[in-house]
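Computed from the coordinates by the stated procedures, all read-outs in this text should not be read as laboratory data. Predicted model, so just to flag it, every value in this text is computed and none were measured. A quick note on method: Cβ atoms are made from the backbone with ideal geometry, for glycine too, and the neighbour counts reach across all protein chains shown.
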Amino acid sequence: MTREILLGDEAVALGAIHAGLSAGYSYPGTPASEIMEYMIRASNKEAGFKATWCVNEKVAYEEALGVSFAGKRTLVSMKHVGLNVAADPFMNSAITRINGGLVVVVADDPGMHSSQNEQDSRYYAHFAHVFCFEPSNHQEAYDMTRSAFDVSERFNIPVMVRMVTRLSHSRSRIETREIKKENPICYGQGQDWTLLPMNACRRFAHLVDAQPEFIGLSNESPFNLLDLKDYDKSLGIIASGIGYNYVMENYSNQENCPSLLKVSTYPLPEALIAKLVNHVETVLVVEEGYPLIEQTIKGLFGIPEKKLHGKLTGHLPRTGELSPDAVREALGIKPREHLRIDSSILASRPPQLCQGCPHGDTFNALNQTLEPYSQASVFSDIGCYTLGALPPYKAVDSCVCMGASVSMAKGGAEVGVFPSVAVIGDSTFAHSGITPLLDAVASNTNMTVVIVDNALVAMTGGQPTFATGEKLVQIIKGVGVPEEHIRVIVPLPKNLEKNIQVMKEEIEHNGLSVIISLRECIQKAKKKIKKGAK
Amino acid sequence: MKQDIILAGVGGQGILSIAFVIDNAALKDGLNFKQAEVHGMAQRGGAVQSHLRLSKSHIFSDLIPKGEAELIISVEPLESLRYVEYLNPDGCIVTSTNPFCNIPDYPPIEDVLVEIRSVKKAVLIDSEKLAKEAGSSRAQNMVILGAASKYLMVGEESLMEFIKVLFKSRGENIVNMNLRAFQLGKEAAS
């Protein structure tokens, strides 16, 4: 048994590695990126398993499915909105007969620290009828990931581990356990993996029939803890994931804590919930994310003669992330004394593009190019360049989801937006921008796509990208954009006038143009210089 | 026995390096710890903070409750004020006095320093001057760690050991420069 300092994400990765992992797949996204980063570092040190960044989450999930088909254990990790991209293979894989253990780790971002929404992945687990673990600390992240592989192989289903930002990006110490060997190769059966209606109907019925067994597993899981206090039956608490931590933080010891059920697995441990609810008059539900447990218990009509408190009743905030202080208030405990200052001095300091960032030069050129056009719209995408929405640039009008810049520009252009401009990074383009560009080629839409190629997945910490430089040009040619309207510019202050000229020409071209604004991420360039200096 | 600490600064100023040193020193000293940090979008030149909790007993929350922190360690003066409500009424601020001005409405630095001094226990350090004295203005984070060291429940020896570990791959000169920065910070605070 060794002790290690790990991020919550890294504890998940190590749990998978120690559970006999054969291959891991992912696409970068905060707060999940560090799972794959750890796996790649570990796989470089010790041969045995593969760990790979993929072009997007759907691809990553499907590659993991191939590993499972071959009887080997596999992990696929992503941020919450990444599961939207991978929803197709995820939902359908629940119907197959998973062979080698398949664990899907989804890191939610309550509070939207680095995301466009705060959707709660537990609903996806429910939607797909699969089992889900929700760790509250690093040790559980390690232990539950290991258990998730066992459950996956026992019931032949994909199993979810739901993380949240505060655990993903918190460091602590864990104790590791024995290292398991990889599974031998052992192919899946065609009739269990070929989702023709006749197979899919049989498999789905099987999945539905297995639900009581999943609930039974939850009822008996050592990760779900029920502690009923006989001396006080007024209040009982149901707390899941890191919500449990915030409850316990507010009691000096376990003795003075009210009756409590800690929920760590889904489907919900119905028998344990019934015991707690029957024991007390008022139930407070503390969960990070949407009110899933609360809504499930409440149903349409609530529980006769019991009070149920939580997010739906306003006892806890419905949006944003939980905190020990918000939970304290819900528990009815007096707030702690704290220092105060005149907060009017606190000028806000939002994130911004780095000094010398190539995107800044692209936005300067784009803003000046578009100045004469009063009706221009710039549809942006997901990446560092989304910060172009903020001052001093205020250069973009939208950011919705991966790849939407190109598709929205096409839709807008088709009903009269002019100029209709898309701004998308090289990695986001590879992830989800190629297919809408193919659409735009088919209609020769009058729009201009600016690909800001910095040769890196920058926002998430500098992961490798799949289509940069000449390779990117080749892809765009291959998609069918006319060669004379594929222009490459270098975003530097000295090139400003030249770049404006290119942008003007392509905007005025009545049809589809792609401008590649090519310059390496300044952070990567700096690192190279540092390395060279050593 | 426990200690809750807020580390503050601007993305890129090296507060995660301070966290690395304290985390490892705590582990060596046999303490439990949890340290919540910020990755992703917020790192890009924005305000960053890390909640660092040390304790002899089990730690539940990754986040520090308001009013529980004993110490704010900040590499930037305005940032030292951003999390004051996490400090208990007897809490202490150890901060650099050198502003990092990457926003148009940065308040007059005199006003910021007056506000910091209004906190009963405030240790103000000219980290830029001391870091340059040590060899590089990049070592300001280690100056501030040195200045905060006497308030920390981890031992100075352990802190210095992990400064060495942190900079080992960059060569002996960089290690010694950061150790000097730590010592200069410590002396300036005493």
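Only sites in a loop by DSSP and with at most 15 other Cβ atoms within 10 Å count here; which GluC sites (Glu not before Pro) in segment A:286-363 make the cut?
The qualifying sites are A:Glu305, A:Glu337.
Using the count of nearby Cβ atoms within 10 Å as a rough guide to exposure, how do A:Asp426, A:Asp342 rank from fewest to most? The partial results should precede the final answer.
On the way: A:Asp426 27, A:Asp342 10.
Lowest to highest Cβ neighbour count: A:Asp342, A:Asp426.
Give me the Debye-computed log₁₀ of I(q)/I(0) at q = 0.11 Å⁻¹ for the protein assembly as shown, equal point scatterers on Cα only, no solvent, two decimals.
Normalising to I(0) and taking log10 leaves -1.28.
Could you give the angle, 0 to 90 degrees to the nearest 10, between helix A:404-414's Cα long axis and the longest principal axis of the Cα atoms of chain A?
The angle comes out near 50 degrees.
Sorted from fewest to most neighbouring beta carbons within 10 Å, what does the list A:Cys186, A:Cys401 look like?
On the way: A:Cys186 11, A:Cys401 17.
Listing A:Cys186, A:Cys401 from fewest to most nearby Cβ atoms yields A:Cys186, A:Cys401.
Would you work out the charge dipole size for the protein assembly as shown about its Cα centre, treating the Cβ of every Lys and Arg as +1 and the Cβ of every Asp and Glu as -1, and quote it to the nearest 20 debye?
1320
Enumerate the helices in chain B for which the Kyte-Doolittle hydropathy averages -1.0 or more and the C-alpha atoms extend at least 15 Å along the helix's axis, using complete DSSP H runs.
Qualifying helices, which must be both long enough and hydrophobic enough, are B:15-28, B:156-167, B:172-189.
Roughly speaking, what is the stretch gain from B:His58 to B:Asn32, that is 0.36 nm per residue apart minus the C-alpha to C-alpha distance, in nm to one decimal?
8.7 nm is the gain from fully extending B:His58 to B:Asn32.
Dipole of chain A (Lys/Arg Cβ +1, Asp/Glu Cβ -1, origin at the Cα centre): which of A:Gly425, A:Asn495, A:Asn44 lies farthest to the positive side?
Result: A:Asn44.
Relative contact order of segment A:195-288, please, whole-number percent, based on alpha carbon pairs below 8 angstrom and at least 6 residues apart. Spell out each step's value before the answer.
Values: 136 pairs, mean separation 36.7, N = 94.
So the answer I get is 39 percent.
Kindly write out, for segment A:297-303 in residue order, the coupling ³J(HN,Hα) from the Karplus curve 6.51 cos²θ - 1.76 cosθ + 1.60 (θ = phi - 60°), rounded to whole Hz, with x marking Gly and Pro.
Per residue, the Karplus-derived 3J(HN,Hα) values read 5, 5, x, 7, 10, x, 10 Hz.
How far, in degrees from 0 to 90, does helix A:33-45 lean away from the longest principal axis of the Cα atoms of chain A, to the nearest 10?
So the helix axis and the longest Cα principal axis differ by about 90 degrees.
Can you bin segment A:2-52 into rounded, prolate or oblate? Criterion: square roots of the alpha carbon gyration tensor eigenvalues sorted a ≥ b ≥ c, rounded for a/c under 1.5, prolate for a/b above b/c, oblate for the rest.
In terms of gyration-tensor shape, oblate.
What is the magnitude of the charge dipole of segment B:2-189 about its Cα centre, with +1 placed on the Cβ of each Lys and Arg, -1 on the Cβ of each Asp and Glu, and no other charges, expressed in debye to the nearest 20?
In debye, rounded to 20, segment B:2-189 gives about 400.
What do you get for the angle between helix A:57-69 and the principal long axis of chain A? Use alpha-carbon atoms, 0 to 90 degrees, nearest ten.
Value to nearest ten degrees: 50.
Past 23 Å, Cα to Cα: identify those pairs from A:Lys526/B:Lys186; A:Lys275/A:Lys307; A:Lys262/A:Lys298; A:Lys233/A:Lys306; A:Lys233/A:Lys307; A:Lys528/B:Lys186, in the order given. Mind dumping the intermediate values first?
Values: A:Lys526/B:Lys186 31 Å; A:Lys275/A:Lys307 15 Å; A:Lys262/A:Lys298 18 Å; A:Lys233/A:Lys306 12 Å; A:Lys233/A:Lys307 13 Å; A:Lys528/B:Lys186 34 Å.
From A:Lys526/B:Lys186; A:Lys275/A:Lys307; A:Lys262/A:Lys298; A:Lys233/A:Lys306; A:Lys233/A:Lys307; A:Lys528/B:Lys186, over 23 Å: A:Lys526/B:Lys186; A:Lys528/B:Lys186.
With just the Cα atoms defining each centre, how far is segment B:141-161 from segment A:216-270? Give it in Å.
Taking the Cα centre of segment A:216-270 as reference, the centre of segment B:141-161 is 38 Å away.
Can you compute 3J(HN,Hα) from phi for each residue in segment A:386-400, using the Karplus curve 6.51 cos²θ - 1.76 cosθ + 1.60 with θ = phi - 60°, rounded to whole Hz and x for Gly and Pro?
So the Karplus estimates, Gly and Pro as x, are 4, 5, x, 6, 8, x, x, 7, 6, 9, 10, 10, 7, 7, 10 Hz.
Stretch A:Glu213-A:Tyr123 to full length: gain in nm at 0.36 nm per residue minus the Cα-Cα span?
Stretched out fully, the A:Glu213 to A:Tyr123 stretch lengthens by 30.5 nm.
Tell me the label-point distance for the pair B:Glu187, B:Arg138, using the 7 Å Cα-to-Cβ offset, in nm and rounded to one decimal.
The answer from the label model is 2.4 nm.
At A:Ala271 and B:Lys2, where each label point lies 7 Å from the Cα along Cα→Cβ, what is the point-to-point distance in nanometres?
3.4
Could you pull out which residues in segment A:474-492 have an amide N less than 15 Å from a spot 7 Å beyond the Cα of A:Ala442, following the Cα-Cβ vector?
So the set is A:479-481.
Treating only the Cβ atoms of Lys and Arg (+1) and Asp and Glu (-1) as charged, compute the dipole magnitude of segment B:1-57 about its Cα centre; round to the nearest 20 debye. Don't skip to the answer; put the middle values down first.
On the way: 6 positive and 4 negative charges, 21 e Å.
Dipole about the Cα centre, nearest 20: 100 debye.
Rg to Rh ratio, segment A:3-209, alpha-carbon atoms and Kirkwood radius? Before the final figure, lay out each step's value.
Numbers: Rg = 15.7 Å, Rh = 16.5 Å.
Here Rg/Rh amounts to 0.95.
Give me the extension gain from A:Tyr187 to A:Thr435: residue separation times 0.36 nm, minus the current Cα-Cα distance, reported in nm with one decimal.
86.0 nm
What is chain A's relative contact order, in percent, from Cα pairs under 8 angstrom and six or more apart in sequence? Before the final figure, lay out each step's value.
Values: 1113 pairs, mean separation 59.4, N = 534.
Contact order relative to length: 11 percent.
5 Å is the cut-off here: which amide hydrogens, built 1.01 Å from N in the peptide plane, fall below it relative to A:Leu284, excluding neighbours closer than 5 in sequence?
Amide H neighbours of A:Leu284: A:Gly236, A:Ile237, A:Ile238, A:His309.
Among B:Val94, B:Val175, which comes first, then next, by fewest other beta-carbon atoms within 10 Å?
Values: B:Val94 26, B:Val175 17.
The most exposed by this proxy come first: B:Val175, B:Val94.
Report the label-to-label distance for A:Ser348 and A:Arg41 in nanometres (one decimal), using points 7 Å from each Cα along the Cα→Cβ vector.
Spacing of the two 7 Å Cα→Cβ label points: 3.3 nm.
Let me have the relative contact order for segment A:36-90, percent, based on Cα pairs under 8 Å that are six or more residues apart.
Reported relative contact order: 34 percent.
Can you tell me the FRET efficiency between B:Lys129 and A:Val400 if r is taken as the Cβ-Cβ distance and R0 is 56 Å, rounded to the nearest 0.05?
Values: r = 48 Å, r/R0 = 0.85.
It comes out at approximately 0.70.
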